[in-house]
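**Q** Pasting a structure below so you can have a look.
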2 protein chains.
Amino acid sequence: MGKTIKYWYGFFLLSSIAINILFTINLYLGGRIGGGSGGAGLSWSEKAAAEAEAVAAISCSGHGRVYVDSSVDSEGQRVCECYDCYTGIDCSQISPTCPADANSGDPIFLEPFWMQHATNSAILISGWHRMSYSYDDNWFKSTQLENYIRKMHSIVGNAITEGRYIVYGIGSSQLLNAAVYALSSQNSSSLPSNVLASVPFYQMYKTQTVFFNSENFQFKGDTNAWQLNNSTNNMDVVEFVTSPNNPDGELKKSILGGKTIYDHAYYWPHFTPIPAPSDHDLMVFTLSKLTGHAGVRFGWAVIKDKDVYEKVAKYIEVADLGISKDTQSRVLTLLKLAVEGDGKPLFKFAYSKMSDRWDRLTSVFSKSTRFSIQKRHPLYCNFFNETRLPSPAYAWVKCEREEEEDCTAVLLEAGNIIGRAGSIFSAKDRYVRLSLIKSQDDFELLMQRLTELVSLENGSIETM
Amino acid sequence: MGKTIKYWYGFFLLSSIAINILFTINLYLGGRIGGGSGGAGLSWSEKAAAEAEAVAAISCSGHGRVYVDSSVDSEGQRVCECYDCYTGIDCSQISPTCPADANSGDPIFLEPFWMQHATNSAILISGWHRMSYSYDDNWFKSTQLENYIRKMHSIVGNAITEGRYIVYGIGSSQLLNAAVYALSSQNSSSLPSNVLASVPFYQMYKTQTVFFNSENFQFKGDTNAWQLNNSTNNMDVVEFVTSPNNPDGELKKSILGGKTIYDHAYYWPHFTPIPAPSDHDLMVFTLSKLTGHAGVRFGWAVIKDKDVYEKVAKYIEVADLGISKDTQSRVLTLLKLAVEGDGKPLFKFAYSKMSDRWDRLTSVFSKSTRFSIQKRHPLYCNFFNETRLPSPAYAWVKCEREEEEDCTAVLLEAGNIIGRAGSIFSAKDRYVRLSLIKSQDDFELLMQRLTELVSLENGSIETM
């Protein structure tokens with residue numbers, strides 16, 4: 001008995017020493033015992049990492065999110081940010097009369113992809129990360145990131161970047177006006193350049209051009225209408241070509257063939273077959289519609305001419321001394337993952353989502369004579385190596401009944417659906433844009449409301 | 001002997017079991033053994049955290065940095081980004097003839113503070129972090145962050161924010177032009193507003209106003225000169241007041257007393273005593289000169305009038321649909337730490353650095369008759385509760401010898417020092433601005449070169 005006690009005493013003592021040794025090794029070498037993927041011990045970074053995981057673990061019933069910068073309640077708990085139509089502390093309550101909001105182009109449909117690739121898409125930013133205005137080898141631009149942007153285009157085959165210049169901007173938004181500035185300042189006449197886009201077009205072209213009220217350029221509306229009334233001989237023109245087009249998804253081409261800004265925000269394989277790499281003088285892209293990170297505010301322009309490139313770059317510099325280094329660091333992390341497997345995991349996921357949504361959408365609209373959506377034409381996609389239908393980001397809905405001239409009002413009043421009116425795209429209000437790239441919750445509610453609306457056509461009672 | 005072997009055998013066996021139990025607990029409960037602050041087990045966030053620590057551990061001889069987005073060499077190793085004048089794989093080689101570059105206002109003097117507070121200043125951004133264009137409760141602006149900005153002003157006592165609106169911008173840069181736009185569009189006449197600033201002034205005011213070439217405003221140069229030649233009765237004026245002034249650190253006041261933009265980039269306790277909270281209609285601040293994070297590109301405006309606020313906010317929206325959510329998240333993390341201890345740790349660190357640099361600088365210039373620097377006047381600082389000398393971000397150097405009209409050239413040719421010419425601030429080239437807020441390496445080299453230059457005055461040979 002005495003021996004046994006002694007034995008156990010010895011065991012506990014020595015085990016304790018062993019454990020202490022392990023603790024000590026851990027403490028001094030920063031080593032980590034068990035668990036985790038890297039095996040590297042963490043010190044200063046652990047708190048931020050643990051906080052990110054803690055907030056990510058809060059479910060919000062699947063109808064909301066908590067982020068590391070979400071607000072906290074009086075007890076110090078992070079507050080769920082509920083998706084549209086969901087309320088309550090844990091976002092579990094649905095509001096049954098809530099409208100289906102298909103207004104904005106918020107690309108949340110890609111959120112699940114990034115959740116599935118959590119490990120390789122996270123980035124830890126230290127307190128002293130890139131405090132300087134400039135990079136080591138470049139004033140405002142991460143060269144590493146530029147390499148990945150070129151690689152992405154090369155993989156997808158949607159744009160020629162060899163021998164071209166690349167400029168970054170705050171989303172594509174800032175680059176659109178920077179491009180107008182650059183092209184209009186090449187104007188040899190003393191008159192302002194005429195800025196044009198063909199109807200229906202993304203309203204930002206007009207909003208910016210009018211808002212900044214420069215002596216260098218003025219917005220002149222629809223390209224086709226303008227062409228009928230003007231000879232281009234003595235007039236300087238800058239033409240916006242959106243391809244695929246926002247709102248209708250059409251692969252547009254320049255009408256005037258002069259100075260053009262190709263807005264290629266949606267020229268990615270989940271929205272359109274990629275028939276060939278775009279080879280235009282000035283092409284604008286945005287991360288928002290590639291990876292779904294609208295909130296990051298990152299876009300880039302691919303530019304052929306050195307003088308135009310320098311003017312666009314100068315615009316960004318004068319506007320805000322370049323763009324956030326944190327943004328560039330994060331975009332690099334995201335693109336590194338996005339190009340993995342030659343982009344197949346990302347684009348397969350994204351295309352699958354979009355084509356599924358289009359299948360369901362066309363099924364509903366096929367039962368309607370009151371509403372129609374844009375025709376889609378199959379094209380050979382060089383990225384997926386097969387002929388496919390496009391699956392645009394938006395449905396461009398038309399009210400077919402002659403008396404229903406305000407289609408946005410019809411959808412809202414008869415269907416409790418919020419769309420974006422045709423007139424916002426300088427088209428007729430008989431048209432309305434419905435966003436198909438929001439969250440799954442948003443899409444499900446939209447489908448439910450559309451189904452109900454279309455089913456009314458064959459019933460005897462309509463709400464209007 | 002046999003007993004001893006048996007004893008040790010028992011020990012190893014049981015120790016091994018104990019260790020296995022510990023491993024198992026770690027694996028199943030996600031617990032962590034020893035080390036670290038949180039004790040929470042990490043999964044998807046660990047790789048990013050480990051990578052951040054790994055790059056932070058690369059020393060670059062103390063004369064460079066590696067970041068998580070630094071480029072990699074052919075062997076996959078991150079490449080040191082060396083500070084000015086240092087080269088080599090580990091930045092260990094100094095280039096003896098390298099000029100002391102005191103040109104830019106890169107606020108790297110605060111980098112050590114953030115390294116000392118690594119744990120609480122880090123942020124881990126997940127791949128799905130804030131993908132949306134908007135916040136839950138606000139279109140483009142983090143409300144959480146706004147609370148901390150107000151708290152910071154309240155702690156420091158440098159600006160009244162109660163009942164004022166706050167707008168964010170890409171650095172203060174973007175807000176400067178947004179403010180010009182907002183104030184000039186309140187112009188009742190059909191003529192463009194006259195934009196003025198008093199010499200010497202930060203060149204960005206002129207650069208932006210000229211560059212954007214709006215029909216709403218035009219740059220008219222020095223406020224004092226303009227006042228002599230014009231009656232303000234019939235003319236709309238927007239006056240920039242930079243306080244403390246860039247380049248000379250003076251606490252300026254409006255000359256015309258009309259519509260003004262107060263650029264308070266440097267109105268923080270490390271650069272100037274804070275005599276009272278600023279209470280002007282439109283005040284612009286930037287993170288760059290508060291925490292040293294120039295690369296983050298974040299600024300804010302504090303605005304009294306609702307109409308002006310809405311116009312500034314509209315400008316930011318039209319320019320780029322708001323600013324990066326990642327930027328806002330990071331700034332929140334930084335400000336949370338910055339306000340700890342009522343801001344005393346940050347501002348004590350920063351003031352100590354700046355006052356030390358000024359002590360050494362004045363000691364050198366006191367021995368010179370060839371060069372002089374601006375006079376500094378003591379003021380009572382309500383933040384530090386004592387009378388102090390200002391310690392401006394820049395030395396505003398004057399060449400006193402009549403023939404030395406180009407002081408920038410004198411410093412470069414006789415002293416191998418790069419400054420920013422007076423003419424860039426619309427002043428005489430007899431003046432030159434030297435930056436005192438760069439890294440310690442930069443400052444040490446500047447001091448060495450200045451000391452040598454001044455010592456030449458008493459010697460028989462000068463290089464010019």
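**Q** Considering only DSSP states other than H, G, I, E and B, which GluC sites (Glu not before Pro) in the stretch B:328-437 qualify as loop sites with at most 13 other Cβ atoms within 10 Å?
**A** Qualifying residues, ordered by number: B:E400, B:E402, B:E403, B:E405.
**Q** Right, next: If you restrict to DSSP beta bridges whose two residues both lie in the stretch A:198-328, what percentage is antiparallel, to the nearest 5?
**A** For the stretch A:198-328, the DSSP antiparallel bridge percentage is about 40.
**Q** Which value, in Å², gives the accessible area per residue of the stretch A:69-168 when a 1.4 Å probe is used on the protein heavy atoms?
**A** 41
**Q** Sticking with this structure for a sec: Of all beta bridges DSSP finds with both residues in chain B, what is the antiparallel percent, to the nearest 5?
**A** If we restrict to bridges inside chain B, about 60 percent are antiparallel.
**Q** Taking a probe of 1.4 Å and counting only protein heavy atoms, give the total accessible area buried between chains B and A in Å², rounded to the nearest 100.
**A** Chains B and A together bury approximately 10000 Å².
**Q** What is the ratio of the Cα radius of gyration of the stretch B:52-145 to 2.2 N^0.38 Å, where N is its residue count, to two decimals?
**A** Rounded to two decimals, the normalised Rg is 1.46.
**Q** Further question on the same structure: The stretch B:175-232 to the stretch A:377-432: how many Å between their Cα centroids?
**A** Distance between centres, Cα-based: 45 Å.
**Q** Could I ask something else about it? Can you give the Rg and Dmax of the protein assembly as shown based on its C-alpha atoms, in angstrom?
**A** Both quantities, over Cα of the protein assembly as shown: 30.8, 111 Å.
**Q** Name the long-range amide H neighbours of B:V241: under 5 Å, sequence gap of 5 or more, or other chain; modelled H, no Pro or chain starts.
**A** Here B:I261, B:Y262, B:D263 satisfy the definition.
**Q** Right, here's the next one. What net charge is computed for the residues neighbouring A:P200, neighbours being all others with C-beta under 13 Å from the C-beta of A:P200, Lys and Arg scored +1, Asp and Glu -1?
**A** Result for the local shell: +3.
**Q** Quick one: dipole size for chain A, taken about the Cα centre, charges +1 on Lys/Arg Cβ and -1 on Asp/Glu Cβ, in debye to the nearest 20.
**A** 1320
**Q** Rg to Rh for the stretch B:320-464: what is it, with Cα atoms only and Rh by Kirkwood?
**A** 1.07
**Q** Determine the calculated [θ] at 222 nm for chain B from helices alone, applying -39500 (n - 2.57) to every DSSP H run no shorter than 4 residues and normalising by the residue count; nearest 500 deg cm²/dmol.
**A** Here the helix-only value at 222 nm equals -11500 deg cm²/dmol.
**Q** May I ask you to give the solvent-accessible area per residue for the stretch A:230-345, in square angstrom, as obtained with a 1.4 angstrom probe?
**A** I get 27 Å² per residue for this part.
**Q** Helix A:306-320 against the longest principal axis of chain A: what's the angle in degrees, Cα atoms only, rounded to the nearest 10?
**A** Long axis of A:306-320 versus the principal axis of chain A: about 60 degrees.
**Q** Under 22 Å from the Cα of A:K367, which lysines turn up, not counting those fewer than eight places away in the same chain?
**A** A:K375, A:K398
**Q** Which translational diffusion coefficient, to the nearest whole µm²/s, is obtained for chain A from the Stokes-Einstein equation, given a Kirkwood hydrodynamic radius over C-alpha pairs, 20 °C and 1.002 mPa s?
**A** My calculation gives 85 µm²/s for D.
**Q** Turning to a different aspect of this structure: Excluding ligands and nucleic acids, what accessible area in Å² is computed for A:T387 using a 1.4 Å probe, to the nearest 10?
**A** Surface open to solvent at A:T387 totals about 90 Å².
**Q** Using modelled backbone amide H atoms (1.01 Å from N, in-plane), which distant-in-sequence or interchain residues come within less than 5 Å of A:F217's amide H?
**A** HN-HN under 5 Å from A:F217: A:S193.
**Q** Now for a different question. Can you tell me which aspartates and glutamates have their Cα less than 12 Å from the Cα of A:K47? Leave out same-chain residues fewer than eight positions away.
**A** Partners within reach: B:E46.
**Q** Also: Could you work out the relative contact order of chain A? I mean the mean sequence separation of Cα pairs under 8 Å and 6+ apart, divided by the number of residues, in percent.
**A** Value for chain A: 18 percent.
**Q** Please express the Cα-Cα pair-distance distribution P(r) of the stretch A:212-282 as a list of whole percents, one per 5 Å bin, running from 0 to the bin with the greatest distance.
**A** 3, 13, 24, 21, 17, 12, 6, 3, 0
**Q** Determine the sum of side-chain charges near A:G169: Lys and Arg each +1, Asp and Glu each -1, restricted to other residues whose C-beta is under 10 angstrom from that of A:G169.
**A** With Lys, Arg at +1 and Asp, Glu at -1, the net is -1.
**Q** Shifting gears a bit: So what J values fall out for the stretch B:336-343 if you push phi through Karplus, 6.51 cos²θ - 1.76 cosθ + 1.60 with θ = phi - 60°, rounded to Hz, Gly and Pro as x?
**A** 4, 6, 4, 7, 4, x, 6, x
**Q** Averaging over all projection directions, find the projected area of the Cα convex hull of the stretch A:370-435 and quote it in nm² with one decimal place.
**A** 5.2
**Q** Let me ask another. Report the net charge of residues surrounding B:K348, where surrounding means a beta-carbon distance below 14 angstrom and charges are Lys +1, Arg +1, Asp -1, Glu -1.
**A** -1
**Q** I've got another one for you. In whole Å, how far is the Cα centre of the stretch A:280-342 from that of the stretch B:288-350?
**A** After rounding, the separation between the Cα centres reads 22 Å.
**Q** Rounded to whole Hz and in sequence order, give me ³J(HN,Hα) for the stretch B:97-111 from the Karplus expression 6.51 cos²θ - 1.76 cosθ + 1.60, θ = phi - 60°, writing x for Gly and Pro.
**A** Karplus values, whole Hz, x for Gly and Pro: 9, 4, x, 7, 8, 10, 7, 7, x, 5, x, 6, 4, 8, 3.
**Q** What is the antiparallel percent of DSSP beta bridges lying wholly in the protein assembly as shown, to the nearest 5?
**A** About 60 percent, rounded to the nearest 5.
**Q** Which of rounded, prolate, oblate describes the stretch B:92-197, given a ≥ b ≥ c as roots of the alpha-carbon gyration tensor eigenvalues and a/c under 1.5 marking rounded, otherwise prolate only if a/b is larger than b/c?
**A** In terms of gyration-tensor shape, oblate.
**Q** Which one, A:N194, B:G127, B:N194, is farthest towards the positive end of the dipole of the protein assembly as shown when Lys and Arg carry +1 and Asp and Glu -1 on their Cβ?
**A** Positive-most Cα among the choices belongs to B:G127.
**Q** May I pose another question? Check the straight Cα-Cα distances from B:K304 and name the lysines below 27 Å, setting aside those fewer than 8 residues away within the same chain.
**A** Leaving aside lysines fewer than 8 places away in the same chain, those within reach of B:K304 are B:K141, B:K151, B:K206, B:K220, B:K252, B:K253, B:K259, B:K289, B:K314, B:K325, B:K336.
**Q** Residue farthest toward the positive end of the dipole of chain B, with Cβ of Lys/Arg at +1 and Asp/Glu at -1: which of B:P390, B:T333, B:G249?
**A** B:T333
**Q** For the stretch A:279-335, place one equal point scatterer on every Cα, skip the solvent, and apply the Debye formula. What is log10 of I(q)/I(0) at q = 0.13, 0.16, 0.19 Å⁻¹?
**A** -0.38, -0.57, -0.78
**Q** May I ask you to report, in nm to one decimal and beginning with the shortest, the distances from A:A225 to the same position in the other copies, taking label points 7 Å along Cα-to-Cβ?
**A** Copy-to-copy label distances for A:A225: 4.6 nm.
**Q** Roughly speaking, to the nearest percent, how much of the stretch A:374-464's 1.4 Å accessible area is carbon and sulfur?
**A** For the stretch A:374-464, the apolar C and S fraction of the accessible surface comes to 50 percent.
**Q** How big is the dipole moment of the stretch A:275-395 about its Cα centre under a simple scheme where the beta carbon of each Lys and Arg is +1, that of each Asp and Glu is -1, and everything else is neutral? Debye, nearest 20, please.
**A** Value, rounded to 20: 660 debye.
**Q** Enumerate by residue number the chymotrypsin sites (Phe, Trp or Tyr not before Pro) in the stretch B:55-152 meeting two conditions: DSSP loop (anything except H, G, I, E, B), and at most 15 other Cβ atoms within 10 Å of the site's Cβ.
**A** B:W139
**Q** Cysteines of chain B lacking any other cysteine beta carbon under 4.7 Å?
**A** B:C381
**Q** With labels modelled as points extended 7 Å from the Cα through the Cβ direction, what inter-label distance (nm, one decimal) is found for B:D90 paired with A:A409?
**A** Taking the simple label geometry, B:D90 and A:A409 are separated by 7.6 nm.
**Q** From the backbone phi of the stretch A:193-198, what are the Karplus-calculated ³J(HN,Hα) couplings (6.51 cos²θ - 1.76 cosθ + 1.60, θ = phi - 60°) in whole Hz, Gly and Pro given as x?
**A** These are the phi-based 3J(HN,Hα) values: 5, 9, 9, 10, 8, 9 Hz.
**Q** While we're here: Take B:K367 and B:N120, extend 7 Å from each Cα along the Cα→Cβ direction, and tell me the distance between the two endpoints in nm.
**A** 4.2
**Q** Is the shape of the stretch B:124-164 rounded, prolate or oblate, going by the alpha carbon gyration tensor and its root eigenvalues a ≥ b ≥ c, with a/c under 1.5 for rounded and a/b larger than b/c for prolate?
**A** It is oblate, given that a/c is not under 1.5 and a/b is not larger than b/c.
**Q** Please report, for the Cα atoms of the stretch B:254-312, the Rg to one decimal and the Dmax as a whole number; what are they, in angstrom?
**A** 12.7, 34
The values are calculated or read from the model by the stated rules, or taken from the named source; none is laboratory data. What you are looking at is a predicted structure, and each value in this text was computed from that prediction instead of being measured. When we count neighbours, we look across all protein chains shown, and the Cβ atoms used for this are built from the backbone with ideal geometry, even at glycine. These area figures cover heavy atoms from the full protein model, side chains too; ligands, DNA and RNA do not enter into them. Shrake-Rupley method; radii C 1.70, N 1.55, O 1.52, S 1.80 Å.
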